[in-house]
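What follows is a short report on a single structure.
The values are calculated or read from the model by the stated rules, or taken from the named source; none is laboratory data. These numbers come from a predicted model, not from an experiment. Cβ coordinates were reconstructed from backbone atoms using ideal geometry, including for glycine residues, and neighbour counts include every protein chain displayed. Please note that ligands, DNA and RNA were not included when accessible areas were found on the heavy atoms of the full protein model with its side chains. Shrake-Rupley method; radii C 1.70, N 1.55, O 1.52, S 1.80 Å.
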Amino acid sequence: MLFQGFILSVTACVTVLNVFGRYMMDDEYYMRLALEQAQRGCGQVNPNPLVGCVIVKNNKVIGAGAHLCYGGPHAERNALAACSESPDGAVLYVTLEPCCHWGKTPPCTDAIIEARISRVVFGSADPNPLVSGKSRAILESHGIAVCGGVLKSDCDALNRSFFHYITTNTPYCILKYAMTLDGKTATVSGASRWITGEQARSRVHHDRLRYAAVIVGIGTVLADDPMLTCRLDGIPAAAQPLRIVCDTHLQLPLSSQLVSSASVYPTAIATCVSDENLLLPYQKAGCRVLSVPLKDGRCDLTALMRLLGNMQIDSVIIEGGGCLAWSALKEHIVQRIQAYIAPKIFGGKAPSPVCGSGVLLPSDAFICSSPSVEMLGDDILLECEVPSCLPE
């Protein structure tokens, strides 16, 4: 009898584990669908987070939605509105903890409770102090089961910029560059088009859509006369990133592509020049002037980040050049590095992606963490996080 009881206990445990395992597997499957939904808001919701939601009843998706535009309904409300049948008793999967406060829209917890959802599964916890942990308590107090942290790393990766911005009020900053195997960003003649192939360049344009601003130094503008727009098909001017030139002494040519297109695409000049007569022609062309203090002979990038944060710019990509990259690292404003590496060798005394004074010893190096590698055609994208504590 004891042996039979033991066998029955083991069988019961195995059954519970199998059910639990399938339950968790289903949670991950539906969360992946929610992650796919979240991408629909790319480039349209900043400084709000990307969020996707699916609603499941009797193992069938009955509703799906995303946060599609800044100030618009949240993913949960869009998914509930899209339901093909009553969501009463359904499970709601959402990539970010539901909001429980009034902002531009009502609390999503209210809509979830009113819809009689039986269970809520979310991926990322919301660090916003107005939300963090409060939503779970509200939902559970109404008899709704809550499970958090499903595919957390994937959901967190979706909103790195939002998490940084909401906790610091400064933009999430990516330092991006393309270089050859021997670390060159141009040839000895200064030619740089193109180092990488089409797949890598397409990825850059997707990132320009996703992040709120693109920053370059005046040297890059004088050398390349770039447009800095997202050149994916069907992207309206309103969805383009803010193009920012760090131009300490106001050398930007009025004939440049950036200035001549400023009436169409959002453009700003970060400068230490305060003479209104010098600034006026740029302002008439449609450029916004961002006045920043001088630091070590250049624009104070820390002050610029604070200013951009107050403008609700939640994320920026620094795309060049080498002196700006060094200053950004020295001023501790970079959170992530994207290095596109092409299988080419230029040789010679050609430019490198990071210039400046450099460090004296290998032990003084900027040490990055959590590297990841992605193949884009023949090119390699190496991404790393930059620790918050860097050498002076």
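Using all C-alpha to C-alpha distances in region 23-167, build P(r) with 10 Å bins and read off the rounded percent in each one. Values per bin, smallest distances first: 13, 49, 34, 4. Dipole magnitude for the chain: about 320 debye, using +1 per Lys or Arg Cβ and -1 per Asp or Glu Cβ, origin at the Cα centre. When the chymotrypsin sites (Phe, Trp or Tyr not before Pro) in region 34-112 are filtered for DSSP coil states and for at most 11 other beta-carbon atoms within 10 Å of their beta-carbon, the remaining sites are Trp102. In a reduced charge model with +1 at each Lys and Arg Cβ and -1 at each Asp and Glu Cβ, region 279-336 shows a dipole moment near 120 debye about its Cα centre. Under the convention that each Lys and Arg Cβ holds +1 and each Asp and Glu Cβ holds -1, the size of the dipole of region 296-392 around its Cα centre is about 240 debye. Mean 1/r over all different Cα pairs, inverted: what Kirkwood radius does the chain give, in Å? Result for the chain, one decimal place: 23.3 Å.
Evaluate E = 1/(1 + (r/R0)^6) for Lys104 and Ala239, where r is the Cβ-Cβ distance and R0 equals 25 Å; express this FRET efficiency to the nearest 0.05.
Details: r = 19 Å, r/R0 = 0.74.
It comes out at approximately 0.85.
Scaling against 2.2 N^0.38 Å puts the C-alpha radius of gyration of region 224-372 at 1.15. Residues within the reach of a label modelled at Glu276 (point 7 angstrom out along Cα to beta-carbon, backbone nitrogen below 19 Å), restricted to region 284-298, are 284-292.
The residues Leu181, Leu151, sorted by heavy-atom accessible surface at 1.4 Å with ligands and nucleic acids left out, run Leu181, Leu151 from largest to smallest.
Each residue of region 265-273 was assigned a 3J(HN,Hα) from its phi angle through the Karplus expression (A = 6.51, B = -1.76, C = 1.60, θ = phi - 60°), giving 10, x, 9, 9, 10, 8, 9, 9, 6 Hz with x at Gly and Pro. Rounded to the nearest whole Hz, the Karplus-based 3J(HN,Hα) values (6.51 cos²θ - 1.76 cosθ + 1.60, θ = phi - 60°) of region 81-96 follow the sequence 5, 8, 4, 7, 8, 4, x, 4, x, 7, 9, 9, 10, 9, 6, 10, with x at glycine and proline.
Rg/Rh, computed from the Cα trace of region 309-392 with Rh as the Kirkwood radius, has the value 0.98. Only helices enter this figure: runs of n ≥ 4 DSSP H residues, each worth -39500 (n - 2.57), summed and divided by the residues of the chain, yield -9500 deg cm²/dmol at 222 nm to the nearest 500. Using only Cα positions of region 59-137, each an equal point scatterer, no hydration layer, compute I(q)/I(0) via Debye at q = 0.11 Å⁻¹ and quote the log10 values to two decimals. For region 59-137 at q = 0.11 Å⁻¹, log10 I(q)/I(0) is -0.25. Helices in the chain that qualify as membrane-span-like (whole DSSP H runs, Cα extent of at least 24 Å along the helix axis, mean Kyte-Doolittle hydropathy of 0.5 or higher) are 2-38. Loop exposure criterion: trypsin sites (Lys or Arg not before Pro), DSSP state outside H, G, I, E and B, at most 11 other Cβ atoms within 10 Å. Applied to the chain, the longest stretch between such sites is 194-348. Measuring only protein heavy atoms, the 1.4 Å probe finds Met227 accessible over about 40 Å².
Relative contact order, whole percent, for region 181-247 stands at 36, derived from Cα pairs under 8 Å and 6 or more residues apart. Near Ser372, once Lys and Arg are set to +1 and Asp and Glu to -1 for all other residues with Cβ below 11 Å from its Cβ, the sum equals -2. In this structure the amide hydrogen of Arg288, modeled in the peptide plane, comes within under 5 Å of the amide hydrogens of Thr267, Ala268, Ile269, none closer than 5 places in sequence on its chain.
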